[in-house]
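To start, the structure itself, in structure tokens.
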Amino acid sequence: MAKKKHVLPGFRTSVGWTVTWVSLLVLLPLTALVGKTASGGWEHFWETVTDPEVVATYRVSFGISFIAALINGVFGFLAAWIFARYDFPGRRLLEAATDLPFALPTAVAGIALTALYSPSEWLGQYLEPLGVKIAFAPAGVLIAMIFIGFPFVVRAVQPVIEDLSADVEEAAACLGANRWQTIRYVILPPLLPALFTGIIMSYGRAVGEYGSIVFISGNIPFQTEITPLMIFQKLEQYDYTGAAALGFTMLLASLVIVLIGNRLQTWGNRFRKLA
Amino acid sequence: MSIEITSLTKSFGAFPAVNDVSLKIETGEMVAFLGPSGSGKTTLLRLIAGLEFADKGEIFFNGENVTMKNANERKAGFVFQSYALFNHMTIFENIAFGLHVAPRAKRLTKEKIRERVLSLLETIQLSGLENRFPVQLSGGQRQRIAFARALAVEPKVLLLDEPFGALDAKVRRELRTWLGEFHERTRLTSLFVTHDQEEAFEVADRVVIFDKGSVQKIGTPLEIRSGTSNTFVRDFLGLDI
Ligand SMILES: Nc1ncnc2c1ncn2[C@@H]1O[C@H](COP(=O)(O)OP(=O)(O)OP(=O)(O)O)[C@@H](O)[C@H]1O
Ligand SMILES: [Mg+2]
């Protein structure tokens, strides 16, 4: 087969570097994790990952995260839209605030949220009589996950909205499209890949989140315990292979999420491929 | 469709981009807006399409006051200099867009839409490209697609903002001739903005010359070239050289 000629210079070198770098940074630790998991034997692995208390945590870590990611998809999109399209006093401040969860130590976020929603605190004291329980309940986990995942959607989508040119919207209007049709058929489709990226990143972040959740969740077994907490508990009990087994399970699940995300992006990008 | 504009003014900040313009365009006319950069040609065209709203003055389509109507109610066929094609849709979907978003009661059947799109592709001499995406076409081809897309909904007026501005001289001349013939055939009321005098004088029935947001001169190409005492117009057209 003839050697393929690449338009970009330094193709080989760049690919070489990328592969080496990714291997060192990502693949090596993952291999170690798999090795550690395997050293515990199949039975121990299966016992650990199917323990009913652990299985209940999957529902929280993967299920509630998913709901949080979808909510972030909707509201992150709206925020990105508003930041990109409207100027109002305090916009910059609000934008900076959106980014805060990126930089904030997660424990700080956890403490802040707990301080807000605990039954005896700020908001909590008014919600409690209404029968709304947030802290030490699944709703608290959801709120923490929304909080930390929100900026991913905004940051992924906003630059793409800013890049949209107004003329296609104007063209659609002149062709008789109402505002809703313009959004549905003209504005949204080119934004989908970025929106998917944002949702997947926010999902991934929430699945792996530990610090901001463990305070507000109250870690109630079978209710608000998350998988990373299980891993932490195993480590505390010197059950390293058990921790690795759970880590491995999360790894597989995350891989599936990332792959699905990639497929969605490819699908959303299909018209660009042809360029 | 006839278009009447009365004392139309539009300012951006304190600066009047269109300043007290009155015009009457008859049904079937092809009118060119000519003038230096920044003289307000695009703004006037956008005001007519409903993409901008006037500070003062009124716009009538066939005697009906449309000043307060939105672009999607006025449905002027607008062709942008940048083409403004929908990059995520095929050529077919681009041209069919206006037909797809029509109110249910007025919407054509799938077969009728297909028929119309294919016949438009033939009109613009691009048959067979319906499954391509805009990025796979040349500039001149894209411009013609934009044109077909605007025509698909059978607009009563065609507004063209420097439709051939981004094309090379040869393609420009070809499309200009084609546009002239198209107008001869359909007599669709058309307004087009241009920098190019030759283009304006060759294709248009009447030419409107703008400067600083105001109309300097209106007339047939012949009237304008023979005898005007307006110094701006003489200067702009290079009549004294
Ligand atoms: N959205 C806007 N905001 C502020 N100023 C604007 C806006 N659109 C146009 N202008 C100003 O209005 C004036 C007229 O602009 P317009 O685009 O109508 O000129 P034009 O005759 O089409 O010029 P050109 O031949 O360069 O396209 C210009 O001075 C321009 O800077
Ligand atoms: Mg212009």
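Can you give the average number of partner chain beta-carbon atoms within 10 Å of each beta-carbon in peptide A:164-172, as a whole number? Let's see the in-between values first.
Details: counts 0, 3, 2, 9, 8, 3, 9, 16, 7.
Mean number of neighbouring Cβ atoms from other chains: 6.
Semi-axes of the equivalent ellipsoid of the protein assembly as shown: what are they in whole Å, largest first, if each equals the square root of 5 times a C-alpha gyration tensor eigenvalue? Could you put the intermediate results ahead of the total?
Details: eigenvalues 730, 153, 84 Å².
Each semi-axis is √(5λ); the values are 60, 28, 21 Å.
Per-residue mean of foreign Cβ neighbours for A:175-185 is 6 (Cβ atoms of other chains, 10 Å radius). Between A:R85 and A:Y238, the FRET efficiency from the beta-carbon distance, with R0 = 41 Å, is close to 0.15. Sorted on the mean count of surrounding Cβ atoms within 10 Å across their residues, most packed first, peptides B:111-119, B:30-38 read B:30-38, B:111-119.
Membrane-span-like helices in chain A, defined here as complete DSSP H runs extending at least 20 Å along the helix axis by their C-alpha atoms with mean Kyte-Doolittle hydropathy no lower than 1.6, are A:65-85; this is a sequence and geometry rule, not a statement about a membrane. Relative to one another, the C-alpha centroids of the stretch A:68-92 and the stretch A:180-238 are positioned 19 Å apart. Straight-line reach from A:K36: taking Cα to Cα under 15 Å and skipping same-chain neighbours fewer than 8 places apart, the aspartates and glutamates in range are A:D239.
With respect to chain B, whose longest principal axis is taken over its alpha-carbon atoms, helix B:91-100 is tilted by about 80°.
Once the other residues with Cβ under 15 Å from the Cβ of A:S202 are scored (Lys, Arg +1; Asp, Glu -1), what is the net sum? All intermediate terms of the calculation are to be shown ahead of the outcome.
Details: positive: A:R155, A:R205; negative: A:D99, A:E209.
Within the 15 Å Cβ shell, the charges total 0.
When you count the other C-beta atoms within 10 angstrom of each residue and take the mean per peptide, B:45-51, A:110-116 line up highest first as B:45-51, A:110-116. Could you tell me the relative contact order of chain B? Use alpha-carbon pairs under 8 Å, at least six residues apart, and round to a whole percent. Over chain B, the number comes to 28 percent. Ordering A:F45, A:L113, A:A139 by Cα displacement along the dipole of chain A toward the positive end leaves A:F45 in first place; charges were set at the Cβ atoms of Lys, Arg (+1) and Asp, Glu (-1). Rounded to the nearest 10 degrees, the angle from helix B:169-186 to the longest Cα principal axis of chain B is 80 degrees. For chain A, modelled as a Gaussian network with Cα springs under 10 Å, which listed residue fluctuates most, A:P228, A:P189, A:P138? In this elastic network of chain A, the residue with the biggest mean-square fluctuation among A:P228, A:P189, A:P138 is A:P189. Two numbers describe the Cα atoms of the stretch A:84-241: Rg and Dmax, which are 20.3, 68 Å.
Rounded to the nearest 20 debye, what is the charge dipole size of the protein assembly as shown about its Cα centre when +1 sits on each Lys and Arg Cβ and -1 on each Asp and Glu Cβ?
Dipole magnitude for the protein assembly as shown comes out near 1120 debye.
Let me have the 222 nm mean residue ellipticity of the protein assembly as shown computed from DSSP H runs of 4+ only, each contributing -39500 (n - 2.57), with the sum over all residues rounded to the nearest 500. Display every interim value, and only then the final one.
Working: 24 runs with 284 residues, N = 516.
Computed mean residue ellipticity for the protein assembly as shown: -17000 deg cm²/dmol.
Across B:T90, B:T43, B:T231, mean-square fluctuation computed from a Gaussian network of chain B (C-alpha pairs under 10 Å connected) peaks at B:T231. Which shape class applies to chain A: rounded if a/c is under 1.5, otherwise prolate when a/b exceeds b/c and oblate if not, where a ≥ b ≥ c are the square roots of the Cα gyration tensor eigenvalues? Because a/c hits 1.5 or more and a/b fails to exceed b/c, chain A counts as oblate. For the stretch A:97-182, the calculated P(r) over all alpha carbon pairs, in 10 Å bins from 0 to the bin holding the longest distance, is 15, 29, 20, 17, 16, 3 percent. Pairs from the table (B:K69/B:K156; B:K69/B:K217; B:K10/B:K212; B:K75/B:K212; B:K75/B:K106; B:K24/B:K56) lying more than 21 angstrom apart at Cα are B:K69/B:K217; B:K75/B:K212. Once both labels are positioned 7 Å from their Cα atoms along Cα-to-Cβ, the gap between A:L27 and A:V108 label points is 3.7 nm.
Considering only B:G40, B:G13, B:G57, the mean-square fluctuation computed in a Gaussian network model of chain B, springs between alpha carbons under 10 angstrom, is largest for B:G13.
For a quick protection proxy, order the peptides A:22-30, A:175-183, B:95-103, B:170-178 by their average other-Cβ count within 10 Å, most packed first.
Answer by packing, highest mean first, reads B:95-103, A:175-183, B:170-178, A:22-30.
Need one word for the stretch A:87-134: rounded, prolate or oblate. Basis is the Cα gyration tensor (sqrt eigenvalues a ≥ b ≥ c); a/c below 1.5 gives rounded, then a/b vs b/c decides. Verdict is oblate for the stretch A:87-134. Provide the FRET efficiency to the nearest 0.05 for the B:R132-B:E184 pair, computing r from the beta carbons and using R0 = 41 Å. Given R0 = 41 Å and the Cβ-Cβ separation, E is 0.90.
Regarding the stretch A:209-268, what's the average projected area of the Cα-atom convex hull, expressed in nm²? Provide the component values of the computation, followed by the final result.
Details: hull surface 21.0 nm².
Mean projected area for the stretch A:209-268: 5.3 nm², to one decimal.
Would you please calculate the Kirkwood hydrodynamic radius of chain B over all C-alpha pairs and express it in Å, rounded to one decimal? Walk me through the intermediate numbers first.
Working: mean 1/r = 0.0536 Å⁻¹.
It is 18.7 Å.
Shielding value for B:207-219 is 0, the average number of Cβ atoms from other chains within 10 Å of each residue's Cβ. The Cα-based radius of gyration and maximum Cα-Cα distance (Dmax) for the stretch A:172-255 are 20.9, 68 Å.
Coordinate-derived values only; no laboratory data. All values reported here derive from a predicted model rather than from experimental measurement. Positions of Cβ are backbone-derived with ideal geometry, glycine not excepted, and every protein chain shown enters the neighbour counts.
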